[in-house]
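J.: The structure under discussion is supplied below as C-alpha cells; questions concerning it will follow.
The values are calculated or read from the model by the stated rules, or taken from the named source; none is laboratory data. Source: prediction; values computed, not measured. Backbone-built Cβ (ideal geometry, glycine too); neighbour counts: all protein chains shown. Accessible surface is based on the protein model in full, side chains and every heavy atom, while ligands, DNA and RNA are left aside. Shrake-Rupley method; radii C 1.70, N 1.55, O 1.52, S 1.80 Å.
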Amino acid sequence: MNKDFLKYQAQTTPHPLGLEVESAKGSYIFTTDGKKHLDFVAGVSACSLGHCHPKVVNAIKEQAEKFLHVMVYGEYAQQPAVELTKLLAEHFLKPLEKTYLTNSGTEAIEGALKLARRYTGRAEIIAAHQAYHGNTMGSLSLMDYEERQKPFRPLLGGISFIQFNQEKDLQKITKKTAAVILESIQGGAGFILPKNNYLKKVKQRCEEVGALLILDEIQPGFGRTGKLFGFQNFDMVPDIVALGKGMGGGMPIGAFAASAKVMDTLSDNPKMGHITTFGGNPVIAASALATLKEIVSSDLMAASLEKEKLFRKLLVHPLISEVRGIGLMLAIIIPSEEIANQLILKSKEKNLILFWLLFEKKAVRITPPLTISEEEIKEGCGIIIDVLEDIMKQQETVN
Ligand SMILES: Cc1ncc(COP(=O)(O)O)c(C=O)c1O
C-alpha cells in the first residue's frame, strides 16, 4: 500500500511515517504487517476517546441510517448539530453561548477572524510569535515563520505579533486592534503554559481598547487539560473560542463560539457572512455529540490529571530535562533535535507511536487518548526509557 500511498496521495513531507493501517481500537493501531502499536499521539490530539469508541461508532451508525447531508449549513434544523451546540452552551462559561460548526480547525480560525473584524469594524489582528493556528491563508498569515510563509505570499494584511507571556507587549494592543488571537497553551512552540495570569491580563487589555480576544482551543480543548477547555485552568473567558481536533472523537470538525451579540453580526450585513456546505454535517455532529456527552459525564477529565502524575513519575531519565504541559497534553524535552528524532523513530520500531512538535524540535509529543489505561501508560513509558537508555549507551560508546 505504501508504494501507491507515495505515488497517488499528495504528500506533506518527503519522509512520512507510513504505517499501513489495518484497523484501530482503544489505544492501539493495528498495521497490515500484523503489528500492534501503542498510540501516544491520538491522531495529534484528535482521538480524545481513543480509536473507535463504541459510543462514538454507534452514534455515527445510527445517524448514518437516518440521514446524511441534506442542506448547506444553517438552513435546516438538524438534531445532532442543534443538540451539540446546546450542550456546548451548557458547558461554556458566559458570555460564550452560540456556536458556528465548521469542517476543520483552520476554518474555525478563519471564521473567528472574520467575526472579529465584522464585529469591531477594525482590521488589525495581533497573534503571537511561534503560534500555530492552521494552514489556510488566514491562519498561515498568523504564523510568524519566514520559511513557511515566504512561498505563499502575499498573505493577509494587518497582522502584527507579540511575544506569548510577555506583558510589556500588551501595549501593542490598541484601539486599532480588532482581535488578539492566542493559543490558550502554545502547542507547536513546545506546550508553553501562560504564566502570571497572562491570559487574564491580555483579556483586560483587550477590554480597555475594545478589541476581542480569540483563544485557540483546538489542541487543549475537550478534556485534555483536566477541564473541558484549557482556558478554564486560567480563570478567564475569551470573547471568541476556536475548537477542533478532539471535539469530533475522530471525525473532522471545528467550531467557533461567541456571545449571541457578537456571533449574530455574522449573519447580517452582509447576509451569509460565513457559509459552508458541510459544516454541522449530521454524522459528524452526532460523533461530536457522543464524544462530548462521554467526556462531560465520565471521570475522564479528572483522570487526565492523575494520568499526568503517572507520566511524570515514570518519565525520569538523564536525557529528559523536562516534562512540559498539563494533563494529557505533555511534551518531553530532550537535549537535542537529533536525540528527539532517534527517540521517535526507535520507539516506532518498538511499536510505540510518538511524534514531533511543529517548532520546538527538542520536544517529543505525548498526547494519548484520554481513555488510555495506567497499564498502557506504564508499557509506553517503559519503551521510552529503554530507547533512551540505548541512545545513552551508544553515545557513551562513541565518546
Ligand atoms: C492550535 C491549533 N490550531 C489550529 C489547528 C488547525 O486545525 P486543522 O488541522 O483541523 O485545520 C491546529 C492543528 O494542528 C492546532 O494545533
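J.: Return the long-range amide H neighbours of F355 (sequence gap of 5 or more, or a different chain), with a cut-off of under 5 Å between placed amide H atoms.
T.: Long-range HN contacts for F355: R365.
J.: Greater than 22 Å separation of Cα atoms is the criterion. Which listed pairs, K227/K261; K86/K227; K36/K362; K150/K195; K25/K227; K94/K293, meet it?
T.: K227/K261; K36/K362; K150/K195; K25/K227
J.: Rounded to the nearest 10 Å², what accessible area does L314 have for a 1.4 Å probe in the complete protein model?
T.: 50
J.: Which value in Å does the Kirkwood hydrodynamic radius of the chain take, with 1/r averaged over all unlike C-alpha pairs and then inverted?
T.: Evaluated on the chain, it is 21.9 Å.
J.: Next question. Can you work out the FRET efficiency for the pair K200 and Q9, with r the C-beta to C-beta distance and R0 = 41 Å, to the nearest 0.05?
T.: Computed FRET efficiency for K200 and Q9 comes out at 0.40.
J.: Under the definition of Cα pairs under 8 Å and six or more residues apart, what whole-number percent is the relative contact order of segment 54-297?
T.: 31
J.: So what's the angle, to the nearest 10 degrees on a 0 to 90 scale, between helix 282-297 and the longest Cα principal axis of the chain?
T.: 70
J.: If the cut-off is 20 Å between C-alpha atoms, which aspartates and glutamates fall inside it for K35, apart from same-chain ones fewer than 8 positions away?
T.: Within the straight-line cut-off, K35 pairs with E20, E22, E349, E375, E376, E379, D386.
J.: In whole Hz and in residue order, list the ³J(HN,Hα) couplings for segment 186-199 that follow from phi through the Karplus curve 6.51 cos²θ - 1.76 cosθ + 1.60, θ = phi - 60°; x for Gly and Pro.
T.: 5, x, x, 6, x, 6, 8, 7, x, 10, 6, 6, 4, 5
J.: Could you order S298, S267, S48 by accessible surface area, starting with the largest, using a probe radius of 1.4 Å?
T.: S267, S298, S48
J.: Starting from the Cα of K35, step 7 Å along the direction of its Cβ; do the same at Q395; then give the gap between the two resulting points in nm.
T.: 2.5
J.: Next question, about the same structure. So, for the chain, what is the accessible surface per residue at a probe of 1.4 Å, expressed in square angstrom?
T.: That works out to 46 Å² per residue.
J.: In Å³ and rounded to a whole number, note down the convex hull volume per residue for the Cα atoms of segment 234-309.
T.: Normalising the Cα hull of segment 234-309 by residue number yields 120 Å³.
J.: Taking K and R as +1 and D and E as -1, what net charge do the other residues with C-beta under 14 Å from the C-beta of C52 add up to?
T.: That works out to 0.
J.: HN-Hα J couplings of segment 41-56 from phi, Karplus 6.51/-1.76/1.60, θ = phi - 60°, integer Hz, Gly and Pro as x?
T.: 10, 6, x, 6, 6, 8, 8, 4, 9, x, 8, 6, 4, x, 5, 6
J.: So, one more: Which cross-chain or sequence-distant (5 or more) residues have an amide H under 5 Å from the amide H of T102, H modelled 1.01 Å from N in plane?
T.: It is G254, A255, F256, G280, by chain and number.
J.: To test your reading of the geometry: what angle, between 0 and 90 degrees and rounded to tens, separates the Cα axis of helix 79-91 from the longest principal axis of the chain?
T.: It is inclined by approximately 90 degrees.
J.: Given the DSSP H assignment, sum -39500 (n - 2.57) over each helix run of at least 4 residues in the chain and divide by its residue total; what's the result at 222 nm in deg cm²/dmol, nearest 500?
T.: -11000 deg cm²/dmol
J.: Enter the accessible area of F278 (Å², nearest 10), with the probe set to 1.4 Å and all protein chains included.
T.: Surface accessible to solvent at F278 totals approximately 110 Å².
J.: Percent antiparallel among DSSP beta bridges with both residues in the chain, to the nearest 5?
T.: For the chain, the DSSP antiparallel bridge percentage is about 65.
J.: I'd like to compare 268-274, 362-368: which one has the highest average count of other Cβ atoms within 10 Å, and what's the full order after that?
T.: 362-368, 268-274
J.: Give me the Kirkwood hydrodynamic radius of segment 82-208 in Å, from all C-alpha pairs, to one decimal place?
T.: 15.7
J.: Counting Lys and Arg as +1 and Asp and Glu as -1, what is the net charge of the other residues whose Cβ lies under 12 Å from the Cβ of L142?
T.: Net charge around L142: -3.
J.: In degrees, nearest 10, range 0 to 90: what is the angle between the Cα axis of helix 300-314 and the longest Cα principal axis of the chain?
T.: That works out to roughly 40 degrees.
J.: May I pose another question? Please list, ordered by chain and number, the residues whose modelled amide H lies under 5 Å from the amide H of Q130; skip anything fewer than 5 residues away on the same chain.
T.: D144
J.: So how do K36, K261 rank on accessible area, 1.4 Å probe, biggest first, that is with the largest at the start?
T.: Descending order: K261, K36.
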